[in-house]
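Throughout, read-outs are computed from the coordinates displayed, never taken from laboratory work. Everything quoted here is computed from the prediction, not taken from an experiment. Neighbour counts run over all protein chains shown; Cβ positions are idealised from the backbone, glycine included.
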Amino acid sequence: MINKCLGCGIDLQNTDSDKDGYVESNKENKLCKRCFRLKNYGEYLNFNSNDFYLNINEILKDEKSTILHVVDILNLNNEEILGDRKKDSILVINKKDIIPRSNNENTLLENVKKIYPGYMNYIIISSKNNHNLDKLYDLLLKLKNNIYVVGYTNSGKSSLIKKLIKNYLNEEEELLTSYYPSTTLKNISFKLNDNLTLIDTPGIVKNGSILKRINLDEIKRVVIDNEIKPKIFQFNKKTIIKIDNYCVVECNSLGKNSIIIFASNRLNIEKQTNDVEGFCYEFKINNYKEIVISDLCVIRFGKETNIKVFIDKEVNVYERIKLT
Ligand SMILES: Nc1nc2c(ncn2[C@@H]2O[C@H](COP(=O)(O)OP(=O)(O)OP(=O)(O)O)[C@@H](O)[C@H]2O)c(=O)[nH]1
Ligand SMILES: [Mg+2]
């Protein structure tokens with residue numbers, strides 16, 4: 001029996017089918033039960049142990065290594081996870097394919113640098129449609145030793161590694177990817193050549209993500225996997241917009257204004273007439289800023305607006321500079 005699951009990196013065992021890493025003993029299984037079910041039936045089994053987390057300190061101590069910090073283009077919010085190691089790390093902004101094609105990549109890059117200052121290098125990619133992967137691979141070939149791929153869960157770390165191996169080594173890996181949180185559970189290494197080893201790592205779970213507050217069927221609707229068709233509404237002084245069953249946004253401004261929402265195309269987003277009460281986040285933003293609802297959407301306005309976001313308190317809502 002091989003001793004590590006090639007899908008998620010967990011240690012395999014054949015003694016207890018209810019415990020993590022289970023495989024039947026009489027088969028040459030490459031995947032644990034959880035990865036097998038996810039790959040073949042799209043079924044998500046939770047894991048039992050709390051041991052699966054990114055050991056960032058161990059990575060930071062490996063000073064000869066390089067870190068690829070992978071971030072999801074819609075959820076950029078300067079996660080300070082690398083400290084001093086930023087200066088020899090590459091910030092990889094993934095999922096370029098989901099933002100509308102009309103957005104200017106140079107403007108995006110300049111703004112990302114303002115949000116995440118101090119990295120050795122920055123690159124905007126899409127693992128899905130190979131955008132800038134040749135450029136990233138050339139950058140990697142100039143490096144030596146271990147390259148750790150780290151970041152929040154669902155940012156696309158495993159998808160990136162799988163694509164690099166497929167494109168440039170012409171090999172198919174069993175490495176599992178999915179839109180559910182915490183797909184990769186332990187570090188998994190891949191030799192790119194004699195000098196370079198790529199290491200996939202478990203994603204950091206964001207406490208404020210909406211994905212932690214909704215069920216598995218809803219996750220499929222909320223996750224953005226195609227180019228977003230932004231929803232635009234014109235309004236005069238006040239409007240109330242309902243973003244599916246997840247939140248309501250009340251907007252007040254002087255005179256005519258517009259609101260643009262970037263979210264999954266599967267969500268119902270519409271104006272509503274009823275006022276809303278209860279817990280809300282409040283912001284006053286101008287047209288240089290945008291509001292992010294963690295893993296749900298990005299919201300922009302035509303001019304200065306007072307906004308109330310009525311949503312589950314546990315979900316993180318924040319403002320940042322407009323990315324494009
Ligand atoms: N649209 C789009 N989706 C992507 C891209 N890269 C990854 N995804 C999707 O994002 C989701 C998460 O991808 P994974 O590669 O499993 O993410 P991860 O960072 O390894 O996640 P963990 O293992 O949980 O830390 C999957 O549904 C992928 O298909 C991309 O470039 N574009
Ligand atoms: Mg992964």
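By the Cβ rule of 4.7 Å, the chain holds the following cysteines without a possible disulfide partner: Cys8, Cys35, Cys247, Cys251, Cys280, Cys297.
Expressed in nm to one decimal, what extension gain is obtained for the pair Asn14 and Phe283 from 0.36 nm per residue of sequence separation less their Cα-Cα distance? Each step should come with its number before you reach the end.
Working: separation 269, 0.36 × 269 = 96.84 nm, distance 5.34 nm.
Difference between extended and current length: 91.5 nm.
Each of Leu45, Gln13, Asn75 was scored by the projection of its Cα onto the charge dipole of the range 1-117, and the greatest displacement toward the positive side belongs to Asn75; charges sit on the C-beta of Lys, Arg, Asp and Glu. Counting chymotrypsin sites (Phe, Trp or Tyr not before Pro) as exposed when in a DSSP loop with at most 15 other beta carbons within 10 Å, what is the longest stretch of the chain free of them? Answer from the scan: 54-178.
Which GluC sites (Glu not before Pro) from the range 123-204 combine a DSSP loop assignment with at most 11 other Cβ atoms within 10 Å? Mind dumping the intermediate values first?
On the way: sites: Glu171, Glu172, Glu173, Glu174; in loops: Glu171, Glu172, Glu173, Glu174.
Counting only loop positions with at most 11 other Cβ atoms within 10 Å, the GluC sites (Glu not before Pro) in the range 123-204 are Glu171, Glu172.
Here the extension length gained between Glu80 and Phe233 equals 51.6 nm, from 0.36 nm per residue of separation less the Cα-Cα distance. Per residue, the average separation of C-alpha pairs within less than 8 Å and at least 6 apart gives the range 1-48 a relative contact order of 31 percent.
A DSSP coil position with no more than 11 other Cβ atoms inside 10 Å describes the following trypsin sites (Lys or Arg not before Pro) in the range 1-99: Lys27, Lys64. Considering helices alone, the calculated mean residue ellipticity of the chain at 222 nm is -5000 deg cm²/dmol, with DSSP H runs of length four and up weighted by -39500 (n - 2.57) and normalised per residue.
All C-alpha to C-alpha distances of the range 24-177, sorted into 10 Å bins beginning at zero, yield P(r) values of 9, 35, 35, 18, 3, 0 percent in whole numbers. Using only alpha carbons, the range 1-48 has a radius of gyration to Kirkwood radius ratio (Rg to Rh) of 0.91. Applying a DSSP loop filter and a limit of 16 other Cβ atoms within 10 Å to the GluC sites (Glu not before Pro) in the range 217-301 leaves Glu227, Glu277. Evaluated with a Cβ-only charge set (Lys, Arg +1; Asp, Glu -1), the chain carries a dipole of roughly 980 debye about its Cα centre, given to the nearest 20. For the range 1-48, the Cβ-based charge dipole about the Cα centre amounts to some 180 debye (Lys, Arg positive; Asp, Glu negative; other atoms uncharged). Using a cut-off of 29 Å between Cα atoms, the listed pairs Lys114/Lys220; Lys231/Lys256; Lys114/Lys237; Lys271/Lys322 include Lys114/Lys220; Lys114/Lys237 as exceeding that distance. Taking a point 7 Å out from the Cα of Tyr137 in the direction of its Cβ, the residues of the range 158-180 whose backbone N falls within less than 15 Å of it are 160-173.
Placing dummy labels 7 Å off each Cα toward the beta-carbon, the span from Asn121 to Glu314 is 4.0 nm. In the range 239-318, the ratio of gyration radius to Kirkwood radius, Rg to Rh, stands at 0.91 when only Cα atoms are counted.
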